[in-house]
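Chemist: Right, I'll just put the structure down here and ask away after.
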Amino acid sequence: MQLSVIILNYNVRYFLELCVLSVESALKNIDSEIIVVDNNSLDDSCEMIKTRFPNVKLIQNSQNVGFPKGNNIGVSQAKGEYICILNPDTVVAEDTFEKVLAFAQKQKNLGVVGVKLIDGSGNFLPESKRGTPTPWVAFTKITSLYKIFPKSPFFNKYYAQHLSENQTGEVEILVGAFMFLKKELYEEVGGFDENCFMYSDDIDLSYMVLQKGKVNYYFHKTTVIHYKGESTIKDGTYMKRFQEAMEFFYRKHFQVSYLFSVFMKIGIVFFSLIKRIQGRSKIKMRPKNYLLISASDTLTKIIALLVQKKVDFLDWKTEKEVNLSSISIRNGVQIILDNEFVSFKECINIHKKHRNKGITFRIIPKNTNFIIGSDSFNDRGEIVKIK
């Protein structure tokens, strides 16, 4: 078997359904398997997987064992030569795995491959590619020196700014939302360190792969949506675990002075507080207008009743993107993408093309009765049931 995709889930049933739908579409031409590991979700995630995706291997943990152990459990059951650690709040394109697999097979000393990640509003996520957060690199991040000197190799390593978002190349650290590597290598480094509950586990794994003499790559030729806000709520527990995670990484890999340790602790607390503030729910403005991209007039009427507003319609079967580009996309519009007719790759491209225009995006996954999406990487996404 070529590839095993491992998806660790915890209480994100609807995002999980969207994710698995996209992964299934992307694995059609690959000898592969999907393994969903559930960390004792309280929603009906497991029942949904059993009912809708009977061919998916489901592992149900009796408790929340954390990100590292949950993924290690999944990998231990994997049969693929390659594995992909994938967040449940992601959407992949139909050709994502074919492209990444072809790239990986050409590399002689392959470590981990990461891809271009965007959030639910279409914006690039800079953590798609990072440098090792050594004490100095962490200092440039804490002081925002990486923003002041983005082209200086002395200051710009935190987000691997030697590469643009549209440039494939070597990097040091990849993000745990999408990590593609050989199963043999994953096992050689011991997988995710189970002493770290979450948040520095992907940094640690990437770094251990580098220590084996392997090369990690950022691959820009495929894009994956990572809603991100679904992964965790930025509460007091988050702040505590984020701080513990960074301290764990430094204790494990770096010898630093007591003074620097105190400085880092202050910095970690500061950034944790900032993340909490960023993660607080904001008042969401209701869209001024709606545009449904589909081929179903009936669906237009159903959504209009749901939102109590007129819904404009673009027939994707006959008009496609040429007409979408010619339409005046106004600020405050919500574009609703019907996955029955709009492929995942097309959905992703529309997110990218119309980002930063005051537009929000939603997807109706194929053969479902809900609309799903997110307007910010800090907040929980939105799920609206279609009656």
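The values are calculated or read from the model by the stated rules, or taken from the named source; none is laboratory data. Because the structure is a prediction, the values reported are computed rather than measured. Every residue, glycine as well, gets a Cβ built from its backbone with ideal geometry; the counts of neighbours run over all protein chains shown. With ligands, DNA and RNA removed, areas are computed over all heavy atoms of the protein, side chains included. Shrake-Rupley method; radii C 1.70, N 1.55, O 1.52, S 1.80 Å.
Chemist: Quickly run through the stretch 35-45 and pick out the residues that are over 12 Å from S62 (Cα atoms) and not acidic (D, E).
Modeler: Of everything in the stretch 35-45, those that are over 12 Å from S62 (Cα atoms) and not acidic (D, E) turn out to be I35, V36, S45.
Chemist: Take residues that are within 22 Å of the chain's Cα centre (by Cα), modelled with pLDDT of 70 or more and within 24 Å of D89 (Cβ to Cβ) and tell me which of the strands (runs of 3 or more DSSP E) falling wholly in the stretch 148-266 contain 3 or more.
Modeler: 178-182, 215-226
Chemist: May I pose another question? How many residues, within the stretch 72-121, are within 22 Å of V215 (Cβ to Cβ) and not β-branched (V, I, T)?
Modeler: Of the residues in the stretch 72-121, 22 are within 22 Å of V215 (Cβ to Cβ) and not β-branched (V, I, T).
Chemist: Sticking with this one: Scan G122, G169, G176 and give me the residue that is in contact with a helix residue (DSSP H, G or I) (Cβ under 6 Å, 6 or more places away or on another chain) and farther than 30 Å from P287 by Cα.
Modeler: G176
Chemist: Just checking, which of V36, V12, V20 is in contact with a Leu (Cβ under 8 Å, 6 or more places away or on another chain) and crowded, with 22+ Cβ neighbours inside 10 Å?
Modeler: Numbers: V12 fails: in contact with a Leu (Cβ under 8 Å, 6 or more places away or on another chain); V20 fails: in contact with a Leu (Cβ under 8 Å, 6 or more places away or on another chain).
That would be V36, the only listed residue that is in contact with a Leu (Cβ under 8 Å, 6 or more places away or on another chain) and crowded, with 22+ Cβ neighbours inside 10 Å.
Chemist: Looking at this structure, is I350 under 28 Å from the mean Cα position of the chain (by Cα), over 21 Å from D95 (Cβ atoms) and not small (G, A, S)?
Modeler: no
Chemist: Only residues that are open to solvent by 20 Å² or more (accessible area, probe 1.4 Å), part of a helix (DSSP H, G or I) and under 18 Å from S41 (Cβ atoms): list them for the stretch 59-87, please.
Modeler: F67, K69, I73 - these are the residues of the stretch 59-87 that are open to solvent by 20 Å² or more (accessible area, probe 1.4 Å), part of a helix (DSSP H, G or I) and under 18 Å from S41 (Cβ atoms).
Chemist: Could you please tell me which pairs satisfy a Cβ distance under 8 Å, a separation of 6+ or placement on different chains, a first residue in the stretch 305-329 that is on the phi < 0 side of the Ramachandran plot and open to solvent by 60 Å² or more (accessible area, probe 1.4 Å), and a second residue that is hydroxyl-bearing (S, T, Y) and modelled with pLDDT of 90 or more?
Modeler: As it stands, the answer is K309/Y290; K310/Y290; F313/S294; F313/T300, since those pairs meet every condition given.
Chemist: Something else: Can you pull out the residues in the stretch 91-102 that are surrounded by fewer than 24 Cβ atoms within 10 Å (Cβ to Cβ) and in contact (Cβ under 8 Å) with a residue 60 or more places away in the chain?
Modeler: A93, E94, D95, E98, K99, L101
Chemist: Same structure again: Report yes if C46 is open to solvent by less than 10 Å² (accessible area, probe 1.4 Å) and touching a strand residue (DSSP E or B) at 6+ places or on another chain (Cβ under 9 Å), otherwise no. Show your work before the answer.
Modeler: Values: open to solvent by less than 10 Å² (accessible area, probe 1.4 Å): no; touching a strand residue (DSSP E or B) at 6+ places or on another chain (Cβ under 9 Å): yes.
No; evaluated as a whole, the condition is false for this residue.
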